[in-house]
Amino acid sequence: MDKDVQYMRRALDLAELGRGSVSPNPMVGCVVVHQDRIIGEGYHMKYGGPHAEPNAIASVKNKELLSKSTVYVTLEPCSHWGKTPPCADLLIERKVKKVIIAAVDSNPLVGGRGIQKLRDAGVEVVQGIMEKEAIELNKRFFTFIQKKRPFIILKWAETQDGFVARENYDSKWISNPYSRQLVHKWRSEEDAIMVGTLTAKYDNPRLDVREWTGKNPIRVLIDRNLSLPNDLHLFDQKIPTLCYHQSDRSDQENLSFIKLKDGFDLEDVLQDLYSKKIQSIIIEGGAKILNKLISKNLWDEARVFTSNVCFGTGIHAPQMKGRSFDQISMQGDHLKIFKNHTEK
Ligand code: AOF
Ligand code: ZN
């Protein structure tokens, strides 16, 4: 394997260790190499804490070697004074010879300035090694910054004959327990989870993380005219919940009623979530909200379970014809993962 790829792979693995602790910051890893040996490593461990580069530099025993070393970092070193001093300045001070970067930081405070600073100071810079992997690793961070909305994951389970529910909206027992457990893991990975009005009403979901160990996402619900019954699980105040509507109602503990303009659409909801710094959302139905997001091309990933159950008739699953996907077998269910490369 190419040496640069090998060291960047290590930096990406280190970055991954920050998962769950650094959001809304990106996960970043850094490796210092001298004469084909790793002499230092570090990653961004905690939100508000030191970045990957100072951690990696601090781990180098013989600092004199830094001026003859190459630094591999998964994200462009920052050029701004944030909670910590600029990493680009640190690398310049330490006189590192070469910096190899996977992805450019699209934070408008950085956006290429880190690379420029390094080059202006005479440091050799290479960018683009394992860029695709680095962007995938921080897809929530990049989408949030570039598109000014949360990263959107659509999730549904459909029968073999293409239905998400029966005509009476009953949608139980489509996917198997393994698939359902995986969904709980997914929930724990996102900042928020959302359903539309009909799903809230007919499924009465809890939208929590019960079958996995992890944090609950913020629950988001659309109930335009506040017509949903108060005894739904979503209103139990056990988990912070946002309910978007166009009526009048005051907040309760753990339950915020957010009034939007009459006839608001999903873009308005996403805009408000963006202002609340929600970086990612998983949307678990129903068909109406999923179809709307697909037709507006407002999604990043769709995770679709297909089971071997047949309903014969019912509510049609969203159509993803003509789109490529990866497929995984899940103990009888099939999981298709679609990635949207043309989204807004
Ligand atoms: C780096 N190395 O390890 C990370 C970077 O609030 P602060 O000071 O922690 O800055 C956060 C921003 O810094 C974040 O939005 C992103 O642009 C960059 N993150 N940069 O050089 C790192 N985590
Ligand atoms: Zn930094």
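The values are calculated or read from the model by the stated rules, or taken from the named source; none is laboratory data. All values derive from a computational prediction rather than experimental measurement. A quick note on method: Cβ atoms are made from the backbone with ideal geometry, for glycine too, and the neighbour counts reach across all protein chains shown.
When you look at W212, is it under 30 Å from E136 (Cα atoms), of a type in the set (A, V, I, L, M, F, W, C) and part of a loop (DSSP other than H, G, I, E, B), yes or no?
Taking the combined requirement at face value, the residue satisfies it.
Could you list, in sequence order, the residues of segment 28-55 that are within 16 Å of ligand 2 (Cβ to nearest atom), closer than 22 Å to I92 by Cα and of a type in the set (A, V, I, L, M)?
V28, V31, V32, A52
Within the set of pairs 6 or more residues apart or between chains, which connect a residue that is on the phi > 0 side of the Ramachandran plot inside segment 269-297 to a residue that is not in a helix (DSSP H, G or I) with Cβ atoms less than 6 Å apart?
K277/P24; G285/W156; G285/V195; N297/E343; N297/K344
Any idea which residue in segment 50-70 is nearest to ligand 1 (Cβ to nearest atom), counting only those that are more than 16 Å from L14 (Cβ to Cβ) and assigned to a helix (DSSP H, G or I)?
Checking each candidate, the answer is L66.
Look at K117 and say whether it is modelled with pLDDT under 95, within 16 Å of ligand 2 (Cβ to nearest atom) and either within 16 Å of M27 (Cβ to Cβ) or not in a strand (DSSP E or B) (or both).
The answer is no for K117.
Going by the structure shown, is I315 within 27 Å of R210 (Cβ to Cβ), in contact (Cβ under 8 Å) with a residue 12 or more places away in the chain and among the aliphatic types (A, V, I, L, M)?
In short, yes.
Tally time: how many residues in segment 213-225 are more than 18 Å from the chain's Cα centre (by Cα) and surrounded by 14 or more Cβ atoms within 10 Å (Cβ to Cβ)?
Total satisfying the criteria: 4.
Run down R149, R187, R119 and say which single residue is among the charged types (D, E, K, R) and more than 19 Å from the chain's Cα centre (by Cα).
R119
Scan segment 1-43 residue by residue and report those that are part of a loop (DSSP other than H, G, I, E, B), closer than 16 Å to K68 by Cα and under 25 Å from the mean Cα position of the chain (by Cα).
none
Which one is farthest from ligand 1 (Cβ to nearest atom) among residues in segment 14-39 that are more than 23 Å from K277 (Cα to Cα) and touching a Gly at 6+ places or on another chain (Cβ under 7 Å)?
So the residue we want is V32.
Any residue in segment 74-87 that is acidic (D, E) sitting within a Cβ distance under 6 Å of a residue that is more than 6 Å from ligand 1 (Cβ to nearest atom)? List the pairs, counting only those 6 or more apart or interchain.
E76/I101; E76/V104; E76/G114; E76/I115
Residues in segment 150-191 that are in contact with an Asp or Glu (Cβ under 8 Å, 6 or more places away or on another chain), within 29 Å of Q271 (Cα to Cα) and not in a helix (DSSP H, G or I): how many?
9
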